[in-house]
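See below for the structure under consideration.
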Amino acid sequence: MTEIQIKMLLVQYLKNQYKNFVVGSEFTFQFGERRADLALLESECLTAFEIKGARDNVLRLAEQIKSYKNFFDFCYVVCEEINLESVRAVISKDVGIMIAKSDGIFPIRKSKQFKRHDKVILTSNLSVQKLKILAKNNELKSKHTLTEYVSKKNSTQFIRELSRKDFHEKYNVASKLMLQETTQHLNSDDIYTITKRAPNSLKRKCFT
């Protein structure tokens, strides 16, 4: 299966599992250096989903997971049956695994919760404007300097909560738009809706 096909199955699975959630596709973090194929915010916890289809290489997977643990609360690798063993061989047992089949997503191992987050990486997704407000210091100019300053002045829990609120602000409208417009079965346009940066307000499409 292609990545987009697996994403459609995964979002459909999440729709069946949760009533209230926010989801974003191709979510970047760590100053834009890393990207989660899909990210889910539910009950104030952020979960990363890394998709590894049958044709995908898993050589970099361990390093990707290491980055996820610095930012996310939970992490799952979504793969196909044919590459399950290769995925198992390179990830630790605290990472969840899901199998993608043509008829749906099937969890086979739960993710443990990750609590040793990196404060700088958590802070890195906040905008410069938000960082300046938190820093209360107009002399700091670069985002990296602001990020380091804010992370030193605040607790991990406080910054973690800010990062989750920031994700909600970015993807809440897009998620609602997707859920309103989607039919019983998702399509690639639905995934595109949660991949775009969210609009400022929720608007239905009108055709004349």
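The values are calculated or read from the model by the stated rules, or taken from the named source; none is laboratory data. What you are looking at is a predicted structure, and each value in this text was computed from that prediction instead of being measured. Here the Cβ is made from the backbone with ideal geometry for all residues, glycine too, and neighbour counts use every protein chain on show. In case anyone asks, the SASA skips ligands and DNA or RNA and just uses the protein heavy atoms, side chains included. Shrake-Rupley method; radii C 1.70, N 1.55, O 1.52, S 1.80 Å.
Under a no-solvent Debye model with one identical scatterer per Cα of the chain, what's log10 I(q)/I(0) at q = 0.09, 0.15 Å⁻¹? Each listed q corresponds, in turn, to -0.37, -0.96.
If R0 equals 25 Å, the separation of the Cβ atoms of Thr2 and Lys66 corresponds to a calculated FRET efficiency of about 0.45.
Looking at the chain, the DSSP beta bridges with both ends there are about 65 percent antiparallel. In this structure, the amide hydrogen of Val77, modeled 1.01 Å from its nitrogen in the peptide plane, lies closer than 5 angstrom to those of Glu50, Gly96, Ile97, Met98, counting only residues at least 5 positions away or on a different chain. Do any GluC sites (Glu not before Pro) in region 1-60 lie in a DSSP loop with no more than 11 other beta carbon atoms within 10 Å, and if so, which? Of the GluC sites (Glu not before Pro), the ones in loops of region 1-60 whose Cβ has at most 11 other Cβ atoms within 10 Å are Glu33, Glu44. Dividing the summed -39500 (n - 2.57) terms of all DSSP H runs of n ≥ 4 by the residue count of the chain sets its mean residue ellipticity at 222 nm at -13000 deg cm²/dmol. Dipole magnitude for region 1-146: about 540 debye, using +1 per Lys or Arg Cβ and -1 per Asp or Glu Cβ, origin at the Cα centre. Across the options Ser92, Leu10, Ile159, the greatest Cα extent toward the positive end of the charge dipole of the chain (unit charges at beta carbon of Lys, Arg, Asp, Glu) belongs to Ile159.
According to the Cα-based calculation, Rg over Rh for region 23-87 is 0.97, with Rh computed by the Kirkwood formula. Simple rule: put +1 on each Lys or Arg Cβ and -1 on each Asp or Glu Cβ in the chain, find the dipole, and look at Leu59, Asn187, Gly32; the Cα lying farthest toward the positive end is Gly32.
For region 128-193, GluC sites (Glu not before Pro) are listed when DSSP marks them as loop and at most 10 other Cβ atoms sit within 10 Å of their Cβ; the list is Glu139. Apolar share of the accessible surface for the chain: 48 percent from carbon plus sulfur atoms, 1.4 Å probe. What region 9-140 shows is 52 Å² of accessible area per residue, with the surface traced by a 1.4 Å probe over protein heavy atoms.
Are any of the pairs Lys7/Lys119; Lys15/Lys176; Lys7/Lys69; Lys7/Lys52; Lys115/Lys143; Lys7/Lys112 more than 19 Å apart by Cα-Cα distance, and if so, which? From Lys7/Lys119; Lys15/Lys176; Lys7/Lys69; Lys7/Lys52; Lys115/Lys143; Lys7/Lys112, over 19 Å: Lys7/Lys119; Lys7/Lys69; Lys115/Lys143; Lys7/Lys112. Couplings for region 73-85, taken from phi via the Karplus curve 6.51 cos²θ - 1.76 cosθ + 1.60 with θ = phi - 60°, read 8, 9, 8, 10, 9, 10, 10, 9, 4, 5, 10, 4, 5 Hz in order; Gly and Pro are left as x.
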